[in-house]
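**Q** Have a look at the structure that comes next, please.
The values are calculated or read from the model by the stated rules, or taken from the named source; none is laboratory data. Fair warning: this is a prediction, and the values are worked out from it, not measured in the lab. Glycine also receives a Cβ, built like all others from the backbone with ideal geometry; neighbour counts cover every protein chain displayed. Surface accessibility is based on the protein's heavy atoms, side chains included, excluding ligands, DNA and RNA. Shrake-Rupley method; radii C 1.70, N 1.55, O 1.52, S 1.80 Å.
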Amino acid sequence: MKGTNLGEFEELVLLTIAALVNDAYSVAICDELEKNTGRAAKLGVVHAVLNRLEEKGLVKSKLGEATNTRGGKRKRYYAVTNAGKAALLKAKEVRDNLWSMIPGMTLKNI
Amino acid sequence: MSKSKNISPPRLAERLLRWYCKSELLEDLQGDLNEYFDRNVKAKGVRRAKLIYIIDVLKFMRLYTIRKPEFLNTLINWIMLGSYVKTSGRNIMRNKLFSSINIVGLGVSMSVGLIMIAMLADLNSYDKFHTKHNRIYRVISQHQYKGNTSNDFFATTSLRAAEEIKESLSGTEDVAILRRDFSGDIELNEKIIPLAGFWGNESFFQVFSFKLVKGNPVTALKEPFSLVLTETSAGKLFGDTDAIGKTIVRNKKEYTITGVMEDVPVFSHLKFDMLGSLSTFEILESKNPHLMKWDSMWDTWAYVLLPEQTDLPALQQSLDKLSAQEDKSVADTHIELALEPLTEIMTGENLSNQIGPTMGKTPVRIFLILSFVVIISACFNYTNLSIARAFRRTKEVGIRKTIGALRSQVAGQFMVESVTISLLALVFAFLLFLFVKPHFISMEESLQELLILDLSPLLIVLFIVFAIAIGLIAGIIPALSFSKINAIQAFRNLSAVPALKGITARKVLMVFQYTISIIAITATVILYKQYKHFIRYDLGFSTENILNIRLQGNDATVLKNELQALHEVKGVSQSNLITGIGHYWVTKAKNPANPQDSADVFHSFIDENYLPLHNHSFLAGKNFQAKADSIETEVIVNTHVLKRFNIGEQNPEKALGEILRVDGKDLTIIGVLKDFEYGKSNSKANKEVMMRHLRKDAQHLNVKIFSEDWPTTYARLETIWKKIDPDHPFQAKFYNDQIEETFQGLNASVKVGGFLAMLVICIACIGLLGMVVFTTEIKLKEVSIRKVMGATEAGLLFLLSRGFLLLLVIATSIALPLTYLFFDKVLLPNIANHAPLGIFEMLAGALVVITLAFILIASQTLKIARTNPAEVLKSE
């Protein structure tokens, strides 16, 4: 395994899970991603990423209660693990560091 | 929400997902897809939503979702096999009635299957002993007169075609030519032995793999007046002494024996005792102008040996070229040549002019279909009964599943059980097979020559494979439906078990079985009536008490004088053939009014005693008069001849004295006969018949005999025969027996039909018995309560059997019209003079089947209806 390095999309998914708190299941994650990034998040892709994150130990999941929707199938809820939180923080730290090195002028001209 | 709930995602895609997806991911994925589906139904419509669902399912097929193959389970299944066998044995022992019903039912039908397999194995091994059998083809030909192609192919070809192919056609290695009529009496010193054989050319032993024990295969049939004997016939003639180089006499000519070959194997379509060299025949017949004619294609068989990797279409083209070139030598006639593989002769097209008896495609196919129906019917029975027993087995399955059996393991258990039963049935079937085999072979004379049905290791292996296959086929449906049972449902409520819902299917199966049974028995009865009808058919002349003696070359007058001395003999006449049993002589006769018009007329040569002896009746004119000279001047015709040529305006009286030109002779019509059956009475053709005055040797003596003590008379006749001809066996048959022999084919199909009908009925009844026992057992408590409440036995009987009777009525109302339509519209219109279909034979079979079924149902239901309700209700 490549370690705890996060890809860009992985990071987005992980952040979304964290943002959705108790309601983080696949479809909701997709919707939230679409809303925030404005780009189409395919269910298949999100699923694959969720699966990978779980393998890396960055998220954990549990099955919810059965409801009448979804053809009676239970939802799988995701939550960010401590390792996940650490990874997110590390990624943010790296970015912040890099941001701080950029001279203020250059950016304002964008 | 409720609206979209009714629309479910595509079933197939759902199943695909369930099949490939890992179980731990499955539920979540399904849920997600469902949610998207609902959303898409609202936003994009049902069709798009379904399409998207399918695409998504396919897209989800990724490495991490696909389940790993379950090697471990397969391994466990193998280990479990022993346990399956053990439990199967216990189950079979526990339900003795059902097991024996199944074993007997399957066994009976499997015995038919075994006969079928043995027969196919026999037929398949025909002519395979020739080492070059893949490369040998027979030349077959079709005679087309004035573009009329209604004739089928004949197995024969012309001698000219055979020799042309041998000499000048490129692309062939060798041609073996056989010619008929070599059979005859072989004389050696004082011995005379009749042997059967063919003329054969020198290539015979190169093309075929018959082994010469003595003599040179290359030259044995080369020189004129050479003769090759089989070991058996050499033994008959010469005993233990060496036959090579000896001379024997056939038909006043001396032949030298140039070879002794091993006896012809059983599985050879060519059967003979000896072969004469074809070069002899060519010398003997050198003056015959028809010998080498292109269209005399009735007496020669040509077998072509092709080189390896022959281009068959190209060869066919050169055959076409050959016939196009040769067609010029004959007027208005085209002879079409084609090739037939050697190995397909026995089971291929039913060609005319075969060299020996063949089976042909049609009987094989009919037998295949019939055995298939019988076997499938028995498999239905098994399926039917097993599912019916679901009631008792669901709890077992439930416990198995609770303990952890997988679906495949439950299915495996049931499959092993059905295979065990079918293997037990095989034992039963095998005993039946050994018992039925001799009866089957002796059913028809030609079968005796064709089949031996001997057991071989390969055959035994085939039998076992067959039994396992039957077990798998019969067991697959019960196995699948039992393995579907949900463990919780199995304990909760028995009526919820899916296996019990197949009632309709089982009813359909039963109706099917009974329909087949009724069709089979009705068809047999109808065929039997036709057979009886034809052997008693009024041929238009009397056949009572007439004994036909084959003269076999002896002088008719000598024998006649001897016979007339016996007091039992009331009259003797001579003829060259026997009418009404399918013997034909045909020639062309010219229309007296129009010499351009000629037609085929069937005829028989008779002496002046023949017509009175057979009670033929004259419409006009008189019989032949005895006369000394050998010139033929007169003829007696039937009304169809008058009609065909429009002689005397079809008035018999006016036709007398008219001249009919036959075989280059002008014959005066001196009598007109009432129409009678010349050929077979069930044939539509050959209506124009004339009787010609016998001017030379006859073939048959027709002797009218009234005897009180037939064995003594027969012995006397035989003594007289022995005195005149000590060499040939006395061949005499009563006319009526000969007619019976003519319809032997029909008789054989009645026997086969009867046998199969019995089987099908037997199987259907066994199936019904199982169903009735099962249903009544389920209703035991209901019946008891009804009895307590005061139901009568008759009422209960009606209640329990009503459902089954309804099924029988449905089966009858399907079967009878089908049978009627088949015979009335398809089969019988093709048979001349057939007996009309009567009410009796239409209903008799169905009645027997229904009565049998009713007895069965009644016996079982009465048993239940008579039980003491207290006994039943107490035990609960």
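**Q** Can you say whether A:G84 is over 24 Å from B:R62 (Cα atoms) and in contact with a strand residue (DSSP E or B) (Cβ under 6 Å, 6 or more places away or on another chain), as far as the supplied structure shows? So that I can check it myself, show each step before the final result.
**A** On the way: over 24 Å from B:R62 (Cα atoms): yes; in contact with a strand residue (DSSP E or B) (Cβ under 6 Å, 6 or more places away or on another chain): yes.
Judged against the criteria, A:G84 is a match.
**Q** From the list B:E396, B:E349, pick out the single residue that is outside any helix (DSSP H, G or I), surrounded by fewer than 18 Cβ atoms within 10 Å (Cβ to Cβ) and acidic (D, E).
**A** Values: B:E396 fails: outside any helix (DSSP H, G or I).
Going through B:E396, B:E349 in turn, just one is outside any helix (DSSP H, G or I), surrounded by fewer than 18 Cβ atoms within 10 Å (Cβ to Cβ) and acidic (D, E): B:E349.
**Q** Restricting attention to the stretch B:134-144, does a residue exist that is assigned to a helix (DSSP H, G or I) and modelled with pLDDT of 85 or more? Spell out the reasoning first.
**A** Taking the stretch B:134-144 as the starting set, the residues that turn out to be assigned to a helix (DSSP H, G or I) are B:134-135.
So of that shortlist, the ones also modelled with pLDDT of 85 or more come out as B:134-135.
Checking the stretch B:134-144: at least one residue is assigned to a helix (DSSP H, G or I) and modelled with pLDDT of 85 or more.
**Q** While we're looking at this one, here's another question. Please count how many residues of the stretch B:844-869 are free of Cβ contacts under 8 Å to residues at least 24 places away in the same chain and either in a helix (DSSP H, G or I) or in contact with an Asp or Glu (Cβ under 8 Å, 6 or more places away or on another chain) (or both).
**A** In the first step, residues of the stretch B:844-869 are kept if they are free of Cβ contacts under 8 Å to residues at least 24 places away in the same chain; the result is B:847, B:851, B:855, B:859, B:868.
Restricting the remaining residues to those that are either in a helix (DSSP H, G or I) or in contact with an Asp or Glu (Cβ under 8 Å, 6 or more places away or on another chain) (or both) gives B:847, B:851, B:855, B:859.
Qualifying residue count, the stretch B:844-869: 4.
**Q** Please specify each residue of the stretch B:560-606 satisfying the condition of being over 25 Å from B:Y678 (Cβ atoms) and open to solvent by less than 70 Å² (accessible area, probe 1.4 Å).
**A** B:E562, B:L563, B:L566, B:E568, B:V569
**Q** Going through B:I855, B:I785 one at a time, which residue ends up being closer than 30 Å to B:G113 by Cα and surrounded by fewer than 19 Cβ atoms within 10 Å (Cβ to Cβ)? Quick ask: steps written out before the conclusion?
**A** Values: B:I785 fails: closer than 30 Å to B:G113 by Cα.
Of B:I855, B:I785, the one residue that is closer than 30 Å to B:G113 by Cα and surrounded by fewer than 19 Cβ atoms within 10 Å (Cβ to Cβ) is B:I855.
**Q** Sticking with this structure for a sec: Mind counting the residues in the stretch B:278-310 that are over 14 Å from B:L159 (Cβ atoms), open to solvent by less than 40 Å² (accessible area, probe 1.4 Å) and of a type in the set (S, T, N, Q)?
**A** 0
**Q** Which of the residues that make up the stretch B:251-274 are of a type in the set (S, T, N, Q) and surrounded by fewer than 16 Cβ atoms within 10 Å (Cβ to Cβ)? I'd like the intermediate steps shown before the answer.
**A** Residues of the stretch B:251-274 that are of a type in the set (S, T, N, Q), as a first pass: B:251, B:256, B:258, B:268.
Within the stretch B:251-274, B:N251, B:T256 qualify.
**Q** Quick one: is B:L319 more than 27 Å from B:K271 (Cα to Cα) and either among the basic types (K, R) or not in a loop (DSSP other than H, G, I, E, B) (or both)? I'd like the intermediate steps shown before the answer.
**A** Working: more than 27 Å from B:K271 (Cα to Cα): yes; either among the basic types (K, R) or not in a loop (DSSP other than H, G, I, E, B) (or both): yes.
Spelling it out, B:L319 is indeed more than 27 Å from B:K271 (Cα to Cα) and either among the basic types (K, R) or not in a loop (DSSP other than H, G, I, E, B) (or both).
**Q** Further question on the same structure: Kindly indicate which of B:E231, B:E202, B:E173 is within 22 Å of B:I345 (Cβ to Cβ) and of a type in the set (D, E, K, R).
**A** Selected residue: B:E173, the only one of B:E231, B:E202, B:E173 that is within 22 Å of B:I345 (Cβ to Cβ) and of a type in the set (D, E, K, R).
**Q** Suppose we keep only residues that are free of Cβ contacts under 8 Å to residues at least 24 places away in the same chain and away from every other protein chain (no Cβ under 13 Å) within the stretch B:13-26. Which one would you say is most open to solvent (accessible area, probe 1.4 Å)?
**A** Among residues in the stretch B:13-26 that are free of Cβ contacts under 8 Å to residues at least 24 places away in the same chain and away from every other protein chain (no Cβ under 13 Å), the one most open to solvent (accessible area, probe 1.4 Å) is B:W19.
**Q** If you go through the stretch B:114-133, how many residues are in a helix (DSSP H, G or I), open to solvent by 40 Å² or more (accessible area, probe 1.4 Å) and touching a Phe, Trp or Tyr at 6+ places or on another chain (Cβ under 8 Å)? Show your work before the answer.
**A** As a first pass, look at the stretch B:114-133 and keep what is in a helix (DSSP H, G or I): B:114-124, B:133.
Those still in the list that are open to solvent by 40 Å² or more (accessible area, probe 1.4 Å) too: B:120, B:124.
Next, only the ones that are touching a Phe, Trp or Tyr at 6+ places or on another chain (Cβ under 8 Å) stay: none.
Looking only at that region, the number is 0.
**Q** Give the stretch B:27-39 a look and list any residue that's more than 7 Å from chain A (Cβ to nearest Cβ) and open to solvent by 20 Å² or more (accessible area, probe 1.4 Å), or say none.
**A** Selection gives B:D38, B:R39.
**Q** For the list (1) more than 50 Å from the chain's Cα centre (by Cα); (2) at pLDDT below 85, I need the number of the one condition that B:L33 fails.
**A** So B:L33 meets the others, but not (2).
**Q** Considering only residues that are touching a strand residue (DSSP E or B) at 6+ places or on another chain (Cβ under 7 Å) and open to solvent by 40 Å² or more (accessible area, probe 1.4 Å), which ones fall in the stretch A:36-74?
**A** Hits for the stretch A:36-74 are A:E54, A:K60, A:K62, A:L63, A:R74.
**Q** Search the stretch B:202-228 for residues that are assigned by TED's automatic domain parsing to the domain that holds B:D174 and pair each with any residue that is basic (K, R) and buried (at least 16 other Cβ atoms within 10 Å of the Cβ) when their beta-carbon atoms are under 8 Å apart and the residues are at least 6 apart or on different chains.
**A** Within 8 Å, the pairs are B:S203/B:K166; B:V207/B:K132; B:S209/B:K132; B:L227/B:R250.
**Q** Specify which of the listed residues (B:I335, B:I387) is crowded, with 19+ Cβ neighbours inside 10 Å and at pLDDT 85 or above.
**A** Details: B:I387 fails: at pLDDT 85 or above.
Selected residue: B:I335, the only one of B:I335, B:I387 that is crowded, with 19+ Cβ neighbours inside 10 Å and at pLDDT 85 or above.
**Q** If B:I248 passes every condition in (1) touching a Ser or Thr at 6+ places or on another chain (Cβ under 8 Å); (2) open to solvent by less than 10 Å² (accessible area, probe 1.4 Å); (3) touching a residue at least 60 places away in the same chain (Cβ under 8 Å) but one, which one does it miss?
**A** With (1) touching a Ser or Thr at 6+ places or on another chain (Cβ under 8 Å); (2) open to solvent by less than 10 Å² (accessible area, probe 1.4 Å); (3) touching a residue at least 60 places away in the same chain (Cβ under 8 Å) applied to B:I248, the lone miss is (1).
**Q** Given the conditions (1) farther than 21 Å from B:A565 by Cα; (2) of a type outside the set (F, W, Y); (3) free of Cβ contacts under 8 Å to residues at least 40 places away in the same chain; (4) in a loop (DSSP other than H, G, I, E, B), which single one is not true for B:G648?
**A** Against the list (1) farther than 21 Å from B:A565 by Cα; (2) of a type outside the set (F, W, Y); (3) free of Cβ contacts under 8 Å to residues at least 40 places away in the same chain; (4) in a loop (DSSP other than H, G, I, E, B), B:G648 comes up short only on (4).
**Q** Output the qualifying pairs, or none if there are none: Cβ atoms under 7 angstrom, residues six or more apart or on different chains, first residue in the stretch B:808-830 and at negative phi and among the aromatic types (F, W, Y), second residue surrounded by 16 or more Cβ atoms within 10 Å (Cβ to Cβ) and in a helix (DSSP H, G or I).
**A** B:Y820/B:M842; B:F823/B:I526
**Q** Go through the stretch B:708-730 and give me each residue that's hydrophobic (A, V, I, L, M, F, W, C) and in a helix (DSSP H, G or I). So that I can check it myself, show each step before the final result.
**A** Of the residues in the stretch B:708-730, the ones hydrophobic (A, V, I, L, M, F, W, C) are B:710, B:715, B:717, B:720-721, B:724, B:730.
Matches in the stretch B:708-730: B:W710, B:A715, B:L717, B:I720, B:W721, B:I724.
**Q** Looking at the structure I just gave you, is B:K733 open to solvent by 20 Å² or more (accessible area, probe 1.4 Å), basic (K, R), under 30 Å from B:E190 (Cβ atoms) and without any contact (Cβ under 8 Å) to a residue 40 or more places away in the chain? Working first, answer last.
**A** Details: open to solvent by 20 Å² or more (accessible area, probe 1.4 Å): yes; basic (K, R): yes; under 30 Å from B:E190 (Cβ atoms): yes; without any contact (Cβ under 8 Å) to a residue 40 or more places away in the chain: no.
No; evaluated as a whole, the condition is false for this residue.
**Q** Can I ask one more? On the basis of being exposed (fewer than 12 other Cβ atoms within 10 Å of the Cβ) and free of Cβ contacts under 8 Å to residues at least 60 places away in the same chain, does B:I839 make the cut? Outline the logic, then answer.
**A** Numbers: exposed (fewer than 12 other Cβ atoms within 10 Å of the Cβ): yes; free of Cβ contacts under 8 Å to residues at least 60 places away in the same chain: yes.
Yes; evaluated as a whole, the condition is true for this residue.
**Q** I'm told B:A243 meets every condition in (1) more than 23 Å from B:E163 (Cβ to Cβ); (2) modelled with pLDDT of 90 or more; (3) open to solvent by less than 60 Å² (accessible area, probe 1.4 Å) except one. Can you identify the failing condition by its number?
**A** (2)
**Q** Do we find a residue being farther than 30 Å from B:Y537 by Cβ, modelled with pLDDT under 85 and not basic (K, R) anywhere in the stretch B:848-861?
**A** Yes, because at least one residue in the stretch B:848-861 is farther than 30 Å from B:Y537 by Cβ, modelled with pLDDT under 85 and not basic (K, R).
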